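Take a look at the structure set out below.
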């Protein structure tokens, strides 16, 4: 998406919308804009770009600082990265968010531990060697997680992420290791004690 305009801004003490396409026509409710450009007159005197994504998150402000009182060309480009230009000079380059959200990463790490633990216990009872079990659990956990992330492409309130695939896969392996370090070792010692 590219929004490009030639504007002459005056030093004005209030915010103002320059161009906008509302997310919901007729009322201002988050995420407010499908896309919008505002002048932040009351604080920083910047031109701010916003956009709402399909998960209902308002992204922005992404700001550039043009000169006031003269005609200026301002452009914002979003192609996975937001770029802002003033008179052809790039003033802004940034991603839209932090993919390493701590809370989300911890949840994903904990999510597949029971799966890995349970699969390790199930396959161990069948006499499968631990190396094969761990490899199987890695492939199974990664495939299941990738399938879930692909399905999220069609859910407007979800954002698919390869980071989730990596953390879920790691979580499934962690569950298998917990089984082998804890339960399997304890059972092996108990069996030796009985013999």
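Between residue 150 and residue 132, the simple label model (points 7 Å from Cα in the Cβ direction) yields a spacing of 2.7 nm.
Only DSSP H runs of four or more residues enter the estimate; each adds -39500 (n - 2.57), and after division by the residues of the chain the mean residue ellipticity at 222 nm equals -12000 deg cm²/dmol. The alpha carbon gyration tensor of segment 2-95 gives principal lengths a ≥ b ≥ c with a/c of 1.5 or higher and a/b no greater than b/c, which makes the shape oblate.
The stretch between residue 24 and residue 53 holds 9.2 nm of extra length on full extension. This uses 0.36 nm per residue minus the Cα-Cα distance.
Exposure proxy shown here: for 59, 192, the number of other Cβ atoms within 10 Å sets the order, fewest to most, as 192, 59. Label zone of residue 185 (point 7 Å out along Cα→Cβ, amide N under 17 Å): in segment 100-136 this covers 117, 121, 130-131.
By the Cα gyration tensor, the chain has an equivalent ellipsoid whose semi-axes, rounded to whole angstrom, run 54, 15, 13 from largest to smallest. Using a cutoff of 8 angstrom between alpha carbon atoms and counting only pairs six or more residues apart, the relative contact order for the chain works out to 16 percent.
Just so you know, all these numbers are worked out from the coordinates, no wet-lab data involved. Since this is a predicted model, take the numbers as computed values, not measurements. Because the Cβ atoms are built from the backbone with ideal geometry, glycine has one as well, and the counts that use them run over all protein chains shown.
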